[in-house]
Each structure stands twice: as C-alpha cells, then as structure tokens.
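To start, the structure under review is shown below, and the notes come after it.
Since every read-out is calculated from the coordinates, none of them should be taken as a lab result. Source: prediction; values computed, not measured. All Cβ positions, even for glycine, are placed from backbone atoms using ideal geometry, and neighbour counts span all protein chains on display.
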Amino acid sequence: MPPRDLTQEQAKEWRAIVKCQDVDWATEDRYPLLVQLCRHITNARDLAKTLESEVTASERLALMRAQVAQTKEIASLMTKLCLTPQSVSNGGRNKPESGGPLPWDD
C-alpha cells in the first residue's frame, strides 16, 4: 500500500511499480527511494505537459533543463531500486551468466 503522503497520481505509480515485482520486493528500506521515484515520474509527466503548451523560449529552455534533471533522477533511482531492464533481465546481477569455461582457464 502506498504511503499516505503521496498524491493520487504518485500512488498510482507506486502500485504500478510494486505490482510488477516479487511479493517481498517492497520492503520498508526501499520506501524512501520508491517514494522519490514516484514523485519524479509524475513531475516529469507534468513538465512534459507544460512543454506542450505555449511557453516563451526562455521558459521552454528552463522546462527542458528541469525535464533533463527529472530524467536523470528517475534513471538513478530505478538503478538503485534494481528496476532497469539490465537488473531485471539477469536477476539483479550485473554480469553475464556463463555456462562455459572462463577465459583465463585456458
């Protein structure tokens, strides 16, 4: 269940992320990072909507910079929470699995 201090939109993101994970994934030690991830995702969405509206060139530049900052934070938090495709595709291990001999075992 999402923390009460999240907005409805942020709570929706929380549920969408947690729903795709193992049952025991959403432990309390992950809550602070997950809360921030949900906030950054909704902030990035709001920035994108604002960019679609009529804004001055200087406002557009500021919004684009803010969007880049949000994207960096989202990527960082997803990496820390092991939510990136690389983390998911190999069980959270960031090294390829090898069934054969190691290169230095020749």
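Counting every Cα pair in the range 8-84, what percent are over 22 Å apart? Numbers along the way, then the final one.
On the way: 896 of 2926 pairs.
Percentage above 22 Å: 31.
In whole Å, how far is the Cα centre of the range 1-37 from that of the range 42-73?
First find each Cα centre; the distance between them is then 24 Å.
Looking at the range 1-82, which trypsin sites (Lys or Arg not before Pro) are in a loop (DSSP not H, G, I, E or B) and have at most 12 other Cβ atoms within 10 Å?
4
Going down the table (19/49; 12/49; 19/72), which pairs top 21 Å between alpha carbons?
19/49; 19/72
Summing Lys, Arg as +1 and Asp, Glu as -1, what charge do residues with Cβ under 12 Å from the Cβ of residue 2 carry, residue 2 excluded?
That works out to +2.
Could you derive backbone 3J(HN,Hα) for the range 59-68 from the dihedral phi with the Karplus parameters 6.51, -1.76 and 1.60 (θ = phi - 60°), listing whole Hz in sequence and x where the residue is Gly or Pro?
Each residue's phi maps through the Karplus curve to give 5, 4, 4, 5, 5, 5, 5, 5, 5, 4 Hz.
Stretched out fully, how many nm does the piece from residue 66 to residue 24 gain, at 0.36 nm a residue minus the Cα gap? Before the final figure, lay out the partial values.
Details: separation 42, 0.36 × 42 = 15.12 nm, distance 3.39 nm.
Gain in length upon complete extension: 11.7 nm.
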